[in-house]
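This report concerns only the one structure given below.
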Amino acid sequence: MPPVSGQPLETRPPIGRGQVPAFAGQTRAPAVVTRAHYAAKVMTTGLNQPWGIAFLPDGKILVKEKVGTMRVVDSKTERLKRAS
């Protein structure tokens, strides 16, 4: 059955025994249904736990790794380098 906008996406009982939500409905976020088309593309590999991204005005992508390293991905060449 497809998700219904505004209704809980997850309907199974919580898995963790003894865990209780901080407020009613915490573990049941409402579904968002969209008809927007998108395409996913792997632009680079070799990242160590990528954590956050920022798109730069020149088309490059700044990637923060969980270990603290900043990397730059060139969206044209798809090359990865350490941010300096």
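The values are calculated or read from the model by the stated rules, or taken from the named source; none is laboratory data. Computed from a predicted structure; not experimentally measured. Cβ: placed from backbone, ideal geometry, glycine included. Neighbour counts: every protein chain shown.
Kindly establish whether Met43 is of a type in the set (A, V, I, L, M, F, W, C) and modelled with pLDDT under 85. Before you say what the answer is, go through the steps one by one.
Details: of a type in the set (A, V, I, L, M, F, W, C): yes; modelled with pLDDT under 85: no.
Judged against the criteria, Met43 is not a match.
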When every residue in region 1-40 that is more than 30 Å from Lys64 (Cβ to Cβ) and touching a strand residue (DSSP E or B) at 6+ places or on another chain (Cβ under 7 Å) is compared, the one modelled with the lowest pLDDT is Arg28
So the strands (runs of 3 or more DSSP E) completely within region 8-84 holding 2 or more residues that are basic (Lys, Arg) and without any contact (Cβ under 8 Å) to a residue 60 or more places away in the chain are 60-65, 80-82
Taking region 35-84 and keeping residues within 30 Å of Val4 (Cβ to Cβ) and either of a type in the set (Gly, Ala, Ser) or surrounded by 10 or more Cβ atoms within 10 Å (Cβ to Cβ) (or both) leaves Ala36, Ala39, Ala40
